[in-house]
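Participant: Got a structure for you, written out below as structure tokens; questions coming shortly.
The values are calculated or read from the model by the stated rules, or taken from the named source; none is laboratory data. Remember, it's a predicted structure, so these values are computed and weren't measured experimentally. Counting neighbours? That spans all protein chains shown, and the Cβs are built from the backbone with ideal geometry, glycine included. In case anyone asks, the SASA skips ligands and DNA or RNA and just uses the protein heavy atoms, side chains included. Shrake-Rupley method; radii C 1.70, N 1.55, O 1.52, S 1.80 Å.
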Amino acid sequence: MTASRSTATAEELRRAGLRVTAARVALLDTVRAGDHLGVEAIASGVRDRVGHVSLQAVYESLHALTAAGLVRRIQPPGGPARFEGRVGDNHHHVLCRSCGALADVDCAVGEAPCLTASDDHGFVIDEAEVIYRGLCPDCSTRTSPAP
């Protein structure tokens, strides 16, 4: 992580009204550099950057960063929470039922139409979360029957 990147991340935390700590800067940079990371992987990335950090501190920072809109929490059904730095664009995800691989999927019909429910029940909708499920290319190849 470069000094200028750390400075930019610190400024982003300040603008969000969050206290700037080395662990928070490292955590945000770890999430953004990763690919839908779980808490343990994030903690490991933070430790690689700043040394010791407790798992509780990672959870608390993830909660604060998610609440501030700097990180997005994804909760795949039946699996642990994962986190990503891609926020604010109403994208969705595709999840492998076999290995748990998770990938981003852009909204198929644009941002606003994804927010149009067939019946909004009076809600003012500002976010849609879709998780497509299936088998990733590696798993579908492994499970295909032999000719």
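Participant: May I ask for the percentage of alpha-carbon pairs in the stretch 36-99 that lie more than 20 Å from each other?
Facilitator: Tail of the P(r) past 20 Å holds 31 percent of the pairs.
Participant: Taking the chain as a Gaussian network, Cα atoms linked when under 10 Å apart, which of 52, 91, 121 shows the biggest mean-square fluctuation?
Facilitator: Top of the fluctuation ranking is 121.
Participant: Of the heavy-atom accessible surface of the stretch 1-137 (probe 1.4 angstrom), what whole percent is carbon and sulfur?
Facilitator: 53
Participant: Residue separation times 0.36 nm, minus the C-alpha to C-alpha distance between residue 117 and residue 94: what's the value?
Facilitator: Between residue 117 and residue 94, full extension yields an extra 6.3 nm.
Participant: Pairwise over distinct Cα atoms, reciprocal of the mean inverse distance: report the Kirkwood radius of the stretch 1-77 in Å, one decimal place.
Facilitator: Every distinct Cα pair counted, the radius reaches 12.4 Å.
Participant: Beyond 22 Å, what percent of the Cα pairs of the chain remain?
Facilitator: Roughly 50 percent, rounded to a whole number.
Participant: Could I ask something else about it? For residue 73, what is the net charge nearby, where nearby means another residue's Cβ is under 13 Å from its Cβ and Lys, Arg count +1, Asp, Glu -1?
Facilitator: Taking every other residue near residue 73 into account, the sum is 0.
Participant: Hey, can you find the accessible area per residue of the stretch 29-99 for me, probe 1.4 Å, expressed in square angstrom?
Facilitator: Per-residue accessible area for the stretch 29-99 comes out at 48 Å².
Participant: Here is a further query. For Cα pairs less than 8 Å apart in space and 6+ apart in sequence, what is the mean separation divided by the residue count of the stretch 12-95, i.e. the relative contact order in percent?
Facilitator: So the answer I get is 29 percent.
Participant: Please find, in a Gaussian network model of the chain (springs between Cα atoms separated by less than 10 Å), the residue of 136, 99, 107 whose mean-square fluctuation is greatest.
Facilitator: Ranking 136, 99, 107 by mean-square fluctuation puts 99 first.
Participant: Using each residue's phi in the stretch 75-91, evaluate 6.51 cos²θ - 1.76 cosθ + 1.60 at θ = phi - 60° and report the 3J(HN,Hα) Karplus result to the nearest Hz, with x for Gly and Pro.
Facilitator: 10, x, x, x, x, x, 5, 10, 10, 9, x, 7, 10, x, 10, 6, 8
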